[in-house]
Amino acid sequence: MFASCFAIVILLGDLPGKWQGNVQLPDGQNVVVTYTINVDGEKITGVAETFGHSLKIEDGKISGNDITFSITNDNNIVIPHTGKFYPEGDSVGMSMDYGGAKFHTTLKRVK
């Protein structure tokens, strides 16, 4: 039991950092999104950046490798995010819901 708990802590220890991916908008435009993620226990904090704006990560949680958080844009629209951290691929699969429009990206660590 202790070994499996220790392994989970090691894997989650790899999540903090800067992650980047592309989101394709309905008009076909590709937008770069960057997340700086911090982890404290089961809490996620940090910043999301796109279009030259930085937005605070809110209500962030991690359970196992599953991630949830929200950001609120400049128009006060809350954008829920759900994702999964894949430590073996050093990637995060991230889905976003912008007013009912669903978007997905694969984030890679910025080195």
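Between D66 and Q29, what's the calculated FRET efficiency when r is the beta-carbon distance and R0 is 35 Å? Round to 0.05. Write down the numbers at each step before the final one.
Values: r = 29 Å, r/R0 = 0.83.
In this case the efficiency is close to 0.75.
Charges on Cβ only, +1 for Lys and Arg, -1 for Asp and Glu, centred on the Cα centroid of the chain; of I77, S63, P16, which one is farthest towards the dipole's positive end?
Looking along the dipole axis, the top candidate is P16.
What is the spread of the Cα atoms of the range 53-111 along each of their three principal axes, largest first, in whole Å?
Sorted largest first, the three principal extents are 37, 25, 20 Å.
Across 10 Å bins from 0, what is the distribution of all Cα-Cα pair distances for the chain, in whole percents?
Once binned at 10 Å, the Cα pair distances of the chain give 14, 50, 28, 7, 1.
Under 5 Å between amide H atoms, partner at least 5 residues away or on a different chain: which partners does I57 have, H built in plane at 1.01 Å?
When sequence neighbours closer than 5 places are left aside, the close amide H contacts are G46, V47, A48.
Explain nothing, just the number: dipole magnitude of the chain about its Cα centre with +1 on each Lys and Arg Cβ and -1 on each Asp and Glu Cβ, in debye rounded to the nearest 20. If you can, show how the numbers build up before the last one.
Values: 9 positive and 12 negative charges, 39 e Å.
My answer is approximately 180 debye.
For the Cα atoms of the chain, what angle does the longest principal axis make with the long axis of helix 2-12, in degrees from 0 to 90, nearest 10?
For helix 2-12, the angle is close to 30 degrees.
Please sort by residue number the GluC sites (Glu not before Pro) in the range 31-111 whose DSSP state is loop and whose Cβ has at most 15 other Cβ atoms within 10 Å.
Here the sparse-neighbourhood loop sites are E42.
Taken together, the values in this text are just the output of simple stated rules run on the coordinates, not laboratory data. Source: prediction; values computed, not measured. Heads up, the Cβs are rebuilt from the backbone with ideal geometry, glycines too, and the neighbour counts pull from every protein chain shown.
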